[in-house]
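Take a look at the structure set out below.
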Amino acid sequence: MIKALFRFLLRLLYRVEVRGLEHYRAAGPRVLVVANHTSYLDAVLLAAFLPDDLSFAVNTRVSRRWLFRPFIALVRTFVMDPTNPVSLKSLIRYLRGDRKVVIFPEGRITVTGSLMKIYYGPGMVADRAGATVLPVRIDGAQYTPFSRLRGRVRTRWFPRITLTLLPPQRIAPPPALRGRARRNHAGRRLQDIMTEMMFASSDTRRTLFRALLDARAVHGPRHVVMEDIQRQPLDYRRFILRTLVLADLMRPATRRGEYTGLMLPNTNAAALAFFALHAAGRVPAMLNFTAGPAALRSACRTAGLKVVYTSREFVRRARLERELAALEEVVQVVFLEDLAARAGLAVRLRGLLRSLAPRLAVRRWAGPADPGAPAVVLFTSGSEGAPKGVVLSHANLLANCAQVAARMDYQPQDRVLNALPMFHAFGLTAGTLLPLFSGMRIFFYPSPLHYRIVPEMAYDTGATILFGTDTFLRGYARCAHPYDFYSVRYVFAGAEKLQEATRRLWSDKFGVRILEGYGATEAAPVIASNSPMDHRPGSVGRLLPGIQWHLEPVPGVARGGRLEIRGPNVMLGYLRPERPGVIAPPATARGPGWYDTGDIAWLDEDGFLYLEGRARRFAKVGGEMVSLAAAEALAAECWPEARHAVVAEADPRRGEVLVLVTEAAGASRRALAGFARARGASELLLPRRVVPVRRLPLLGSGKVDYAEVARLAAAGTQTRKRA
C-alpha cells in the first residue's frame, strides 16, 4: 500500500513515465540494478516504480543521517562501506542469494548534470556474484530542487521524470584475468555500460529545430546562448524569434527540401541563417569560402544549388570578390543585408506571433518532421582529392551530440569559444549544435587564424571550452599570455594529429591538458575522443558509445588495419560531382551502412584507438610499407617549433621515396638522419629530399593541404634538377 501510494503521488506530481519494463523481467533472479544518481528522489523513484521487493545498497555514512532514516525503514537495505573489502564480499554473498539489489555506481549525486566517476567496486561485485547488470537511466529529477544543481540549471518543482530500463548485460572478463587486472576490467566494463546507457536513452529521433525548442523549454527562454564580436547576446527567445522572421524572408527564393547554400563566417547571423533554413524546410549546404572559386563552383554543381545566402559586408571584409563572381556564374546570390531591409513591421509582427507557437509555424513550412531526412551538406576538405558533399541527417547530428555528451560533463555554465568555421563538421556539431542544445553559451569568432586575438577573446569572455586543431592551438599558445586561458576547463583537438610539442606547451604554459579526438565529416564528425576520465596521451581516445568497428587487414601493415565503422552518426551518403544531387549511401564489403574511414588504426587492450595514418598516406619504399604520418612525427620531434609535411614520389629504383616539406629553417636530411639514429628510428622514415618553405599551405579547417604540398615538392624537384 505504501509503495502504491508513493507511485500515485510521484505520477501526479512528476508525470513519471517508465520505459523498457520488459528488460526488468528478462534480467533473471540475480540482478544488480545500476542507475545514474541525479537527486535525492532517485531511490524513491526506483523503489516505487520497479517491480518486486528491491534491496538498496546504502553507504554506512548515509544510513546514519536522520533525513534518510524514514526511507530506509520503508525498504530493504544492505548497509555497506564501499571502501571496506569485507563489505563488498558481504554484498557479493548477498547477491548470490538470487536477490535484486540497486546501487548507484557514482557513489554521490551528480553536481555536473552528467555522469561522474564510476567506482569499480560495483563492477567487481556483479562479476564475482555472477549477477546480471540492469542499467536504469533517471532523467528529469536533476531539474528538481532535490538535486545538487541549484544555480547550475533552471530548477523547478515538478518537471517530467522518465525512467528508462536498458537491456540487461553481463560483466564477463576473460577467464585468464586475475586480481587487480580482473577488477579493473570489470570496472571499466561497468563504466562503458553506464556510458552506453546515457547515449541509448537520449532522444535523437528529432529534428534540429525540435531539439532547439526542447532546449528552450529546459533552460528557459531568457537563457543567453550565443554572442559574437558585435557583442549582442541572444537568448533562446530572441534567437527563435529572429530565426522565424528570417525563415519567412528566405522561403520565396527556394522550395521545400531544396539544398540551399550558406557562405558566412562564424557569427550569430550564420547560426540564425542555418536554423532559419531548417524552419523553412530547406537543407543548408555549408560552403567553404577558403577553398577558392573553382571549388565553390564545383560544390554548387555537386549539390545542385540554385541559391546561396551570404553577406555583402563579409565579402568585402574577407576580400572574396573573386569567389562571389564565381558563385554568381552558377547560382543566385542573396545578401542577408537585403533581406534585413525587407523585414518591416508586418514581417516582424508575423514572426512574433509565430514565435508563440513555433512548432505550428515550422510544421506548416517544413511539413511533417522526419529525423532521418537530410539536415546539412558539408564538403570534405579535399586535402587528398576532389571534395565531395557529405549529407548528414538530423538523427546523425543529434546522435553525435548525444554520444559526446555521454562522455563529457558539459554544463550550462560553460562558455564555448568557437573559432572553427561552421563549414567544418567539428565547428558545426561540437562548436555550435552541441552547446546550443545543452544550454551552454557560445562565443563565435570569425577566424581561427588570428593567433593573437583568439586568446584575448578567451580571456575576455571567460571561455571554459575551446576547440581547435594542432596548428591553431600551437599558434594560440605561442602568442598568448600565460593567464589568457585561466578559465578554460577543456581544450579539444581534432582534424589533425596532436604533436607532443603542442601538448607539452599547453601543459607547461597554461596548466591545461589537451584532449585529443578523432573524427570524420562522414561521422558527423566525432568517432573517438579522450575525456577527463578516459585519457591516454598518444591515442585519440576511446570510440564513442553506439559505434561498431572493424579493422580490415592491409597487406604490408603488421599492426592494426583499415578502420571501418557503423553507427547512428554515420552519414546518409555522398553527393559526388559525377552525379549531382544523388545521395550515394555508404557501404563496404561488410554491408550497407558501414563507412570506410581510410585510416590505418589499432586498439589497445583498454579500447584506446591509435592512428598510424591515412591508408593513402602510406608509401612502399623498397618493398616496405612506410607511414608518412610516422615520418612527419619524426621530423616534428627533431624540429618541434616548425610544421612539417611528408609526401611520396615515384622512384624507378625503390618504388617510392619520401620528400619532406618543412618550415624549419636550415633543416637538412643529414641532421634528421643523425637525430633518427640517436632515437633508434627506422631509416625508412628518412626522406630522400628536404624542401624548405616559408609556410606550409593549409586548408580552411587547419589541415595541411597535401595536394599543394605535393606541388611544392615537385617544384622543389624541378628546381634541384635545373640546378
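Every read-out reported here was derived from the displayed coordinates using simple, explicitly stated rules and does not represent laboratory data. Keep in mind it's a predicted model, so treat the numbers as computed, not measured. Virtual Cβ from ideal backbone geometry, glycine too; neighbours counted across all protein chains shown.
Once the piece of chain linking Ala340 and Arg478 is laid out straight, how much longer is it, given 0.36 nm per residue of separation minus the C-alpha distance between them?
Numbers: separation 138, 0.36 × 138 = 49.68 nm, distance 4.04 nm.
Full extension from Ala340 to Arg478 adds 45.6 nm.
Calculate how many DSSP beta bridges within the chain are antiparallel, expressed in % of all such bridges and rounded to the nearest 5. Walk me through the numbers before you get to the answer.
Numbers: 56 of 107 bridges.
Antiparallel bridges: around 50 percent, rounded to the nearest 5.
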I need the calculated FRET efficiency for the pair Gln548 and Arg316, taking r as the beta carbon distance and R₀ as 60 Å, to the nearest 0.05. 0.80
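Starting from the Cα-Cα distance between Leu360 and Arg297, subtract it from 0.36 nm times their residue separation and give me the gain in nm to one decimal.
Working: separation 63, 0.36 × 63 = 22.68 nm, distance 3.65 nm.
Difference between extended and current length: 19.0 nm.
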Taking GluC sites (Glu not before Pro) as exposed when in a DSSP loop with at most 16 other Cβ atoms inside 10 Å, the chain has its longest clean stretch at 1-328
How would you rank Ser55, Ser114, going from fewest to most other Cβ atoms within 10 Å of each one's own Cβ? Ser114, Ser55
Just to be sure I understand: if I project the alpha-carbon convex hull of the stretch 2-200 onto a plane and average over all orientations, what area do I get in nm²? 10.9 nm²
Would you please calculate the Kirkwood hydrodynamic radius of the stretch 279-330 over all C-alpha pairs and express it in Å, rounded to one decimal? 11.6 Å
Label point distance in nm, Ala217-Leu352, each placed 7 Å from Cα along Cα→Cβ: 2.6 nm
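Which chymotrypsin sites (Phe, Trp or Tyr not before Pro) in the stretch 437-487 pass both tests, a DSSP loop state and at most 14 other beta-carbon atoms within 10 Å? Walk me through the numbers before you get to the answer.
Working: sites: Phe437, Phe443, Phe444, Tyr451, Tyr459, Phe467, Phe472, Tyr476, Tyr483, Phe485, Tyr486; in loops: Tyr451, Tyr483, Phe485, Tyr486.
When the chymotrypsin sites (Phe, Trp or Tyr not before Pro) of the stretch 437-487 are filtered for loop state and at most 14 Cβ neighbours within 10 Å, Tyr483, Tyr486 remain.
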Given 25 °C and 0.890 mPa s, how large is the Stokes-Einstein diffusion coefficient of the chain in µm²/s, with Rh as the Kirkwood radius over Cα pairs? 89 µm²/s
Debye log10 I(q)/I(0) for the stretch 622-722, one point scatterer per Cα, at q = 0.10 Å⁻¹: -0.25
Shape call for the stretch 352-422, from the Cα gyration tensor axes a ≥ b ≥ c (a/c under 1.5 means rounded, otherwise prolate when a/b beats b/c, else oblate), comes out oblate
Taking Cα atoms, how many degrees apart are the long axis of helix 236-250 and the longest axis of the chain, rounded to 10 and kept between 0 and 90? 50 degrees
Based on the Cβ-Cβ distance of Glu605 and Arg93, what FRET efficiency does E = 1/(1 + (r/R0)^6) give at R0 = 45 Å, to the nearest 0.05? 0.90
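Within the chain, what is the number of lysine pairs with alpha carbons under 19 Å apart, leaving out pairs fewer than eight places apart on the same chain?
Numbers: Lys3/Lys100; Lys89/Lys100; Lys306/Lys388; Lys388/Lys703; Lys497/Lys703.
Lysine pairs satisfying the spacing and distance rule in the chain number 5.
Please identify the trypsin sites (Lys or Arg not before Pro) of the stretch 208-312 that satisfy two criteria: DSSP loop assignment and at most 16 other Cβ atoms within 10 Å. Which are they? Don't jump to the answer; show the numbers that get you there.
Numbers: sites: Arg210, Arg216, Arg222, Arg231, Arg237, Arg238, Arg242, Arg255, Arg256, Arg282, Arg297, Arg301, Lys306, Arg312; in loops: Arg222, Arg231, Arg255, Arg256, Arg282, Lys306.
Listed in order of number, the matching sites are Arg222, Arg231, Arg255, Arg256, Lys306.
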Across the Cα atoms of the stretch 416-511, what radius of gyration and what greatest pairwise Cα-Cα distance (Dmax) are found, in Å? 12.3, 34
Taking a label point 7 Å from the Cα of Val111 along Cα-to-Cβ, the residues of the stretch 12-53 whose backbone nitrogen sits under 16 Å from it are 37-40
Potential lengthening between Gln332 and Glu22 on full extension [0.36 nm per residue; Cα-Cα distance subtracted]: 106.1 nm
Run through every distinct alpha carbon pair of the stretch 270-416 and return the Kirkwood hydrodynamic radius in angstroms, one decimal place. 17.7 Å
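With an 8 Å cut-off on Cα pairs and a minimum separation of 6 or more residues, tell me the relative contact order of the stretch 2-200 in percent.
Working: 357 pairs, mean separation 59.2, N = 199.
Relative contact order for the stretch 2-200 comes out at 30 percent.
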At what distance in nm do the modelled label points of Leu449 and Asp53 sit from each other, each positioned 7 Å from its Cα along Cα→Cβ? 7.3 nm
Computed from every Cα-Cα pair in the stretch 183-250, P(r) in 10 Å bins starting at 0 and rounded to whole percents is 17, 30, 24, 17, 10, 2, 0
Identify the trypsin sites (Lys or Arg not before Pro) of the stretch 560-609 meeting these criteria: DSSP loop state and at most 15 other C-beta atoms within 10 Å of the C-beta. Arg590
